[in-house]
Amino acid sequence: METGVRVVGSGQVNAAPDVLRVSFSVEHVAPDVAAAVARVGERTDAVIAALREQGVDPSAIGTTTVNIYQEYREPDTSPGYRGSHMLTVTTKDLTSFGRLLNAAVDAGGNSLGLQALEFDIEDKSELLTRARELAFRQARTKAEELAGLAGYSLGSVSLISETHGFTPIRDTAMLAAGKAFDSAVNVIPGGQEVQVTLEVHFAWA
């Protein structure tokens, strides 16, 4: 039979983000699949080239999804096929959003959509370590309080279970872009929080 006390502790650490991710979609509707795929491919290539001209490394541009499907239309109307690519751009320049958006709009025109932007922290290992220490400290404090109330002394730790989470700041939008935006457009990164939760079982001494 298990004896002792089981407690939960949590620790949170805040830090400034160091990565910006922007997701663009490129879409085109055509009367047949081949034309939709070809046109989307051409415009996607143009957007990628424009982003690279802004200094974005090719390895920092990735295709997230590719879709092609027939659109629903009223009966007795010509069919339409929508092709779409989604690209995600990752950069360390947190002030580059407006510049990248302008370049993509110029290249993609009305085919371009802004799907999301996200601030993140590239390496969370040190933050997780600090949050873990805070979580364990809180768990031990709780266990000591409960042990004192029950008239026991804490013994060794017999079990630890960990969960952790990180919620980057995201802004999601659907953009139909017909002209370039003010290149001074910027977004504010804010702070990011890393949280670790520990469930700890202490045996009685």
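The values are calculated or read from the model by the stated rules, or taken from the named source; none is laboratory data. The structure displayed is predicted, hence computed values, not measured ones. Glycine also receives a Cβ, built like all others from the backbone with ideal geometry; neighbour counts cover every protein chain displayed. Note: accessible area is taken over every heavy atom of the protein model, side chains too, but ligands, DNA and RNA are not part of it. Shrake-Rupley method; radii C 1.70, N 1.55, O 1.52, S 1.80 Å.
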- Using alpha-carbon positions, the gyration tensor of the stretch 1-40 gives root eigenvalues a ≥ b ≥ c; with a/c under 1.5 called rounded, otherwise prolate if a/b exceeds b/c, else oblate, the class is oblate
- Where a ≥ b ≥ c are the square roots of the eigenvalues of the C-alpha gyration tensor, would you call the stretch 3-86 rounded, which needs a/c under 1.5, or, failing that, prolate if a/b is larger than b/c, or oblate? oblate
- Taking the Cα atoms only, what angle lies between the long axis of helix 125-150 and the longest principal axis of the chain, rounded to 10 degrees? 30 degrees
- Net charge contributed by nearby residues that have their C-beta within less than 13 Å of Ile61 (K/R +1, D/E -1): -1
- Checked against the structure, the computed semi-axes √(5λ) of the Cα gyration tensor in Å among [x] 27, 20, 15; [y] 51, 21, 12; [z] 31, 20, 15 is the one labelled [y]
- Query: Using the alpha-carbon centroid of each, what span in Å lies between the stretch 11-36 and the stretch 134-149?
  - Reply: 44 Å
- Cut-off 16 Å (backbone N to label point 7 Å along Cα→Cβ of Ala205), residues of the stretch 1-37: 4-5
- Tell me, what is the FRET efficiency for Asn14 and Glu53 to the nearest 0.05, using R0 = 25 angstrom and their Cβ-Cβ distance as r? 0.10
- Note on the structure: Residue-normalised 222 nm signal for the chain, counting each DSSP H run of n ≥ 4 as -39,500 (n - 2.57), nearest 500 deg cm²/dmol, is -10000 deg cm²/dmol
- Report in % the part of the accessible area of the chain that belongs to carbon and sulfur, leaving out ligands and nucleic acids; probe 1.4 Å. 51 percent
- Item | Amide H contacts under 5 Å for Gly80, placed H, 5+ residues apart | Glu71
- Query: What's the FRET efficiency of Lys92 with Val29 using the Cβ-Cβ distance as r and R₀ = 30 Å, to the nearest 0.05?
  - Reply: 0.25
- Note on the structure: Ser158 neighbourhood, Cβ < 13 Å, K/R = +1, D/E = -1, net charge -1
- Provide the per residue accessible area, probe 1.4 Å, for the chain, rounded to a whole number of square angstrom. 56 Å²
